[in-house]
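Engineer: Structure below; questions to follow.
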Amino acid sequence: MNRRTVIKQLGKALPATFLSKKLSAISAISLNIGEKIIDGPFAPTWESLAQFKTPEWYRDAKFGIWAHWGPQCQPENGDWYAREMYMEGNHHYNFHLKKYGHPSKFGFKDVINDWKAEQWNPEELLSLYRRAGAKYFVALANHHDNMDLYDSKYQPEWNSVKMGPKRDLISGWAKAARNQGLHFGVSVHAAHAWSWMETAQRADTEGPYAGVPYDGKLRKSEGKSKWWNGLDPQALYAQDHPLSENSLDNSMIHRQWNWGNGVCPPTRAYCEKFYNRTIDLINRYDPDLVYFDDTALPLWPVSDAGLRIAAHYYNRSIKNRNKLDVVINGKILNEEQRKCMVWDIERGQSNSIEPSSWQTDTCIGGWHYDRNIYEKHGYKSAQTIIQTLVDIVSKNGNLLLSIPVRGNGSIDEDERNIVEEIGQWMRVNGESIYGTRPWIVYGEGPSLENAVPLNAQGFNEGKGRPFEATDIRFTTKGEVLYATVLKWPENGEVKIGSLAGSSNLEPREIRKVELLGDAGELFFERSSTALKIVLPERHSLSSYAVALKITMATS
């Protein structure tokens, strides 16, 4: 079969039920014209990927910071701008009209052209994040807007080297992270551009532009005399296809996220391009972690592209690092899939100790920079972040925290103050976080009785009862049990029922109790009902998350 015939076949739409086993033959053909999978013990099947073991560096790290930063941050108007600027009457649409003009004349491609990132200083930001206690850093490689933020071989027109900042952002982030001794990761979201950008195919239904199409269907031939002359908007928007069922219902994108419920099936060419882009990203920048914003793996179950990417990534680590030393984050995983990668929960937490490492990803504000949140001083506090981190780590999890970056590449002073306060707490209390493992139970207190179940990707964050002085979380390291009290008790006493003399959870004798950051041992008394600990005078950083170090006697 010659190259032209293969490309023609790759352009045909996949049936919605076309699963990975039937794609294997097609994959073998497509590999001849794209990126090859490195051979190794992992094959592109769920059964084979279940050999995955979480690397120790990730299990020990516990805390990472994420720059969810791209051209959608340029308007500084919040998340999902590239989709919702094409939704008539939406707040992004109304903002866009005032700032840029009508989306038939000034579309998202033009927002990219307006984005320069002129104040971006990755070395300074990564130094700040290291001082805040982050052990790994993740940078956005592309979002659902389909713009690659690196020197992309397979997205040669719409990438940050050729457009916008005209810099290789992933290269800059990677260098700065490694200079600071941080593990480096990338987040990949572009698999969903196919359906996510369908709004760009619309037109206004009323007003002076009623019936005038937005710019989502523009072709390369229409760029004469325009700044984008010679560029193909379809390489960005990927909208040369029919709309999905009920596409005008703005909520359908959520119900069709896992490529079902009437979503227009992506073509083989689209799937293979995504595969090649992602393999190219991995091969060029050698990330320690790849975060996929997808159900399970990208394009599953209509393509095996995600399975092939995962097999390549794991095999590549074994070949180049002599061990499996990398992590994939995936969402909404079943029990089998949780053996294949690290389960990620978006804006939420598990309600139990998980048998394998997992991760919460959340943000102090909106995913893309939102000036309204800043002006209202609406970010999550350092207290909320620290309490969240302590709760997550007690359940065998990690926290990946996004700090929104302005369009110009900087962060604002409110964000900086929050990051610095997190760092102050971590410098004192970090030993209760890093390198720890869960105890027999993760905690005690009233918040356990008010836990809210997960919804879809997660989304139970902030819906439970606020933490009180009787809420305690546990971690262990060697002979030490850390008990972190999530609010300073007004009477200066801590009572831990889980460590009562009558409890079967900890039969060993308690040798001493210390408050991290404070010299000397604390008075304690162990009765049949509780371990009572008397605290010293309150410290400014101990009004929340009071970390107690309890050392057990060795037998």
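Engineer: Just one of (1) outside the structural domain of Ala67 (by TED's automatic domain parsing); (2) in contact with a helix residue (DSSP H, G or I) (Cβ under 8 Å, 6 or more places away or on another chain) trips up Cys340, so point out which.
Structural biologist: If we test Cys340 against (1) outside the structural domain of Ala67 (by TED's automatic domain parsing); (2) in contact with a helix residue (DSSP H, G or I) (Cβ under 8 Å, 6 or more places away or on another chain), just (1) comes out false.
Engineer: With Pro265, Pro301, Pro287 as the choices, which residue is of a type outside the set (Gly, Ala, Ser), under 25 Å from Gly172 (Cα atoms), assigned by TED's automatic domain parsing to the domain that holds Asp148 and touching a Leu at 6+ places or on another chain (Cβ under 9 Å)?
Structural biologist: After ruling out the rest, the residue left standing is Pro287.
Engineer: Does Arg178 satisfy the criteria of being at pLDDT 95 or above, in a helix (DSSP H, G or I), basic (Lys, Arg) and touching a strand residue (DSSP E or B) at 6+ places or on another chain (Cβ under 7 Å)? Spell out how you get there, then give the answer.
Structural biologist: Values: at pLDDT 95 or above: yes; in a helix (DSSP H, G or I): yes; basic (Lys, Arg): yes; touching a strand residue (DSSP E or B) at 6+ places or on another chain (Cβ under 7 Å): yes.
Judged against the criteria, Arg178 is a match.
Engineer: Among the residues of region 203-214, which ones are surrounded by fewer than 24 Cβ atoms within 10 Å (Cβ to Cβ) and either within 17 Å of Asp110 (Cα to Cα) or assigned by TED's automatic domain parsing to the domain that holds Val290 (or both)?
Structural biologist: Matches in region 203-214: Pro213 only.
Engineer: Tell me yes or no: at least one residue of region 488-498 is of a type outside the set (S, T, N, Q) and within 30 Å of Asp293 (Cβ to Cβ).
Structural biologist: no
Engineer: Got at least one residue in region 436-447 being within 30 Å of Ser127 (Cβ to Cβ) and at pLDDT 95 or above?
Structural biologist: yes
Engineer: Sort out which residues of region 519-550 are under 26 Å from Ile422 (Cα atoms) and surrounded by fewer than 17 Cβ atoms within 10 Å (Cβ to Cβ), and write them in order of number.
Structural biologist: Residues of region 519-550 under 26 Å from Ile422 (Cα atoms): 519-522, 533-550.
Within region 519-550, Ala519, Gly520, Glu521, Val534, Pro536, Glu537, Arg538, His539, Ser540, Ser543 qualify.
Engineer: From the set of residues in region 296-336 that are under 20 Å from Ser356 (Cα atoms) and of a type in the set (Lys, Arg), which is surrounded by the fewest Cβ atoms within 10 Å (Cβ to Cβ)?
Structural biologist: Only one residue fits best here, namely Lys323.
Engineer: Quickly run through region 448-482 and pick out the residues that are at pLDDT 90 or above and not charged (D, E, K, R).
Structural biologist: Phe467, Ala469, Thr470, Ile472, Phe474, Thr475, Thr476, Gly478, Val480, Leu481, Tyr482
Engineer: List the number of the failed condition for Gly78; all other conditions in (1) at pLDDT 95 or above; (2) over 30 Å from Lys477 (Cα atoms); (3) surrounded by fewer than 16 Cβ atoms within 10 Å (Cβ to Cβ) hold.
Structural biologist: (3)
Engineer: Hey, any hits in region 393-410 for a residue that's assigned to a helix (DSSP H, G or I), in contact with a helix residue (DSSP H, G or I) (Cβ under 9 Å, 6 or more places away or on another chain) and buried (at least 21 other Cβ atoms within 10 Å of the Cβ)?
Structural biologist: yes
The values are calculated or read from the model by the stated rules, or taken from the named source; none is laboratory data. Remember, it's a predicted structure, so these values are computed and weren't measured experimentally. Cβ sites come from the backbone with ideal geometry, for glycine too, and all protein chains shown count toward neighbours.
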